[in-house]
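Working notes for the structure below.
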Amino acid sequence: MGIVLKQTVTNTITTFIGFGFGALNTLFLYTNILEPAYYGLVTFILASGAILMPIMSAGAHNSMVKFYSAQDDKDKNGFLTLILLAPLMIILPLTLLVWLFYDNIGDFLSMQNSLVKDYIWYLFLVGLSLAYFEVFYAWGKVHLKSVFGNFLKEVFARVCATVLLVLLYLEIISLDFFYQALVGVYLLRTLMMKLYAYSLQRPVLNFNFPKETKQILGYGLLMVLGGSVALILLEIDKVMINQFRTLDQVAYYGVAIYIATSIIVPTRAMHQITYPMTASYLNYGNTFELENLYKKTSLTSFIASGILFVLIVLNLNDLYLMIPEEYRDGFFIVFLIGLAKVFDSLLGNITAILYYSKYYKWVLTVGICFALATILLNLWLIPIYGIEGAAMASFIAIFLFNLSKLIFVKLKFGMLPMTAATFKVFATLLLIGALFGMLQFPFHPLVNIGLKSALVIAMYLGILFRFNISEEVSGVLAKWLKRKTP
């Protein structure tokens, strides 16, 4: 677990830095520099590109993680060549379709907001860049080198967006150039990830593909469905709000979702290294280490996501006082999506266990059902409840999908992620929430957030350390305290 903890800590720090820039952009720069409609357009473009990503990648990044460790050295060049070419099977025909039916696609997506029609190629290019970025990122992951890729994914694009927003505010660049440059940032990020991946293992084009090529491509294409399911559950609400409400509403919803999504930051950082380890344990049939990893990732993720959820709920009113008034009606959305993210974190590396095992077809089938359910729930709830209806739809679908995965892994693998420590953490979170829920300071909102957060974190870490609830967390704290003690 040492390499997991080391890279997880590094990735978590990097991811939180990225989140810091993202929070600056989302809560303060976008909301004050762009009109809500134009901010909603940014949210729509990035969400649509994210949904296109798994389709355009042809699942090659998933195939890389699942099959790389099983390749002999003599077969790896052929395997890597196959991985590089696989996305083109979808990207090239999709490019032709967009070119031929641009007006039809534009008319459909701009029924409610005419502004969208002029930006169809933008979301296409974002989707393409995200697809190949994930391929090259997986290239690094299989070499257990996830830190640089995580930096590019979590920090680079957000820092560039900060710079572009400042330039826009200073009127050094135009709004049109801002959108073009934002797309260019994602393309540049992919190029940088490619160069790093090649520095780890430079591919030699070899069209002598592995003997299990059919299985690799078939798995990848099935993962297109799996990736699409995951992105539909995460992003379709932002796209569908565009079909029923104005782009302003997309922007308001995007701010609330961003706040809630911060809860899963540590879990995302951990997954960069635990996913390839999970695939390796499954390939070699190491069930003991697999179960151990399952429980440790669950507990560590829950410890981090649980306290982030509590901190957000306790500080949300103060946070809303610092952003424009029209963005402040999102408490229900943040709370509901935040709960879903905590449950997601509680399941640790369960998605990797299912995707990289022989049961991946089951999770794909069930996932498709829940993705369709998400779309139907959005079609039903958004017209009635607006953006809160989108949050309800996402919560219901994500919660039930995760519950089905939890039950399935228990039935097929005989494993549950929860331990006695899980319930101790849960009780600690309830205690802290109750104690600090009514505590309000009369200072500036920023001071209130900092003071309350410091008290909450100090009490939380103190309880975890005193009762040794997590060996990993206690070990890190013990080393830190030892360094600080003369």
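The values are calculated or read from the model by the stated rules, or taken from the named source; none is laboratory data. Nothing here was measured: the structure is a model prediction, and the numbers come from that model. So basically every Cβ, Gly included, is an ideal-geometry build from the backbone, and we count neighbours across all protein chains shown. Ligands, DNA and RNA are excluded from the accessible area calculation, which covers all protein heavy atoms including side chains. Shrake-Rupley method; radii C 1.70, N 1.55, O 1.52, S 1.80 Å.
Quick check on region 169-224: take the gyration tensor over C-alpha atoms, sort the square-rooted eigenvalues as a ≥ b ≥ c, and tell me if it's rounded (a/c under 1.5), prolate or oblate.
In terms of gyration-tensor shape, prolate.
Top to bottom by accessible area (1.4 Å), largest first, where do Met56, Met111, Met459 land?
The most accessible residue leads, giving Met111, Met459, Met56.
Heavy-atom accessible area per residue, the chain, 1.4 Å probe: how many Å²?
43
In deg cm²/dmol, rounded to 500, what helix-only [θ] at 222 nm does the chain give when every DSSP H run of at least 4 residues adds -39500 (n - 2.57) and the total is split over its residues?
-26500 deg cm²/dmol
Fully extended, how many nm does the chain gain between His143 and Cys369 (0.36 nm per residue separation, minus their Cα-Cα distance)?
Full-extension gain reported as 77.9 nm.
Report, to the nearest whole %, how much of the accessible area of region 1-112 belongs to carbon and sulfur atoms, 1.4 Å probe, protein only.
68
Read phi for every residue in region 382-390 and hand back ³J(HN,Hα) as whole Hz from Karplus 6.51 cos²θ - 1.76 cosθ + 1.60, θ = phi - 60°, with x for Gly and Pro.
Result, ordered by residue: 5, x, 8, 10, x, 5, 5, x, 4 Hz.
Could you calculate, for the chain, the ratio of the Cα radius of gyration to the Kirkwood radius, expressed as Rg to Rh?
0.95
To the nearest 20 Debye, how big is the dipole of the chain about its Cα centre, given +1 on the beta carbon of each Lys and Arg and -1 on that of each Asp and Glu?
Its charge dipole is roughly 1860 debye.
Compute the Cα gyration tensor for region 27-141, then decide on rounded, prolate or oblate, letting a ≥ b ≥ c be the square roots of its eigenvalues: rounded whenever a/c is under 1.5, prolate when a/b is larger than b/c in the other cases, and oblate in all that remain.
Judged from the Cα gyration tensor, region 27-141 comes out oblate (a/c at least 1.5, b/c at or above a/b).
Residues of region 353-369 with backbone nitrogen within less than 17 Å of a virtual label 7 Å along the Cα-to-Cβ line of Leu400, please, listed as ranges.
Residues 363-369 qualify, since their backbone N sits under 17 Å from the label point.
Quick one: grab the alpha carbon gyration tensor of region 185-318, order the square roots of its eigenvalues as a ≥ b ≥ c, and give me rounded if a/c is under 1.5, else prolate or oblate depending on whether a/b is larger than b/c.
It comes out oblate by the Cα gyration axes.
Rank Phe178, Phe423, Phe19, Phe465 by accessible area, highest first, at a 1.4 Å probe radius?
Result, largest first: Phe423, Phe465, Phe19, Phe178.
Roughly how much of Phe148 is accessible, in Å² to the nearest 10, using a 1.4 Å probe?
70
Sort out for me the Cα centre separation of region 64-133 from region 223-297, rounded to whole Å.
Between the Cα centres of region 64-133 and region 223-297 lies a distance of 19 Å.
When the Cα centres of region 337-371 and region 165-214 are compared, how far apart do they sit, in Å?
Taking the Cα centre of each part, region 337-371 and region 165-214 sit 28 Å apart.
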